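**Q** Quick one: this structure, given as structure tokens, is what I'll be asking you about.
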């Protein structure tokens, strides 16, 4: 059975019960809302994402994260913790540490804490 065959009759149910779907449309977290009627158990999580894309495309990134967490684990969406000590061990005079920052990233606290731990605060500029 293809992913879309599971939607047999969904269009008629949606039209007849559009007020039930308004709750999902109006929700702050529609990706976490159960579908009305039998559709919540009849459709799998991927098929629910297909529906969500038609109703609230803006929530697909969050729904995709939920899908990944459910099927292969949260570790696949969580950024790794930066190990400054491990990176420092791999650095040298010819292989420096270079920080490439993204919006919201601020390694200053980790860097200053590591510098203090290594008694190198006077060498940091």
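The values are calculated or read from the model by the stated rules, or taken from the named source; none is laboratory data. Computed from a predicted model, the values in this text were never measured in an experiment. We place every Cβ from the backbone using ideal geometry, glycine too, and count neighbours over all the protein chains shown.
**Q** Working carefully through the options 89, 123, 117, 103, find the one that is exposed (fewer than 10 other Cβ atoms within 10 Å of the Cβ), touching a helix residue (DSSP H, G or I) at 6+ places or on another chain (Cβ under 9 Å) and farther than 23 Å from residue 24 by Cα.
**A** Working: 89 fails: touching a helix residue (DSSP H, G or I) at 6+ places or on another chain (Cβ under 9 Å); 117 fails: exposed (fewer than 10 other Cβ atoms within 10 Å of the Cβ); 103 fails: touching a helix residue (DSSP H, G or I) at 6+ places or on another chain (Cβ under 9 Å).
The conditions single out 123.
**Q** For the range 53-72, does any single residue satisfy the condition of being in a helix (DSSP H, G or I), in the same structural domain as residue 11 (by TED's automatic domain parsing), farther than 30 Å from residue 12 by Cβ and in contact with a helix residue (DSSP H, G or I) (Cβ under 6 Å, 6 or more places away or on another chain)?
**A** yes
**Q** Would you point out the residue of the range 26-51, among those that are touching a helix residue (DSSP H, G or I) at 6+ places or on another chain (Cβ under 6 Å) and not in a loop (DSSP other than H, G, I, E, B), that is farthest from residue 62 (Cα to Cα)?
**A** For the range 26-51, the residue satisfying everything is 47.
**Q** For residue 97, indicate whether it is at negative phi, assigned to a loop (DSSP other than H, G, I, E, B), in contact with a helix residue (DSSP H, G or I) (Cβ under 8 Å, 6 or more places away or on another chain) and not assigned by TED's automatic domain parsing to the domain that holds residue 50.
**A** Working: at negative phi: yes; assigned to a loop (DSSP other than H, G, I, E, B): yes; in contact with a helix residue (DSSP H, G or I) (Cβ under 8 Å, 6 or more places away or on another chain): yes; not assigned by TED's automatic domain parsing to the domain that holds residue 50: yes.
Yes, satisfied.
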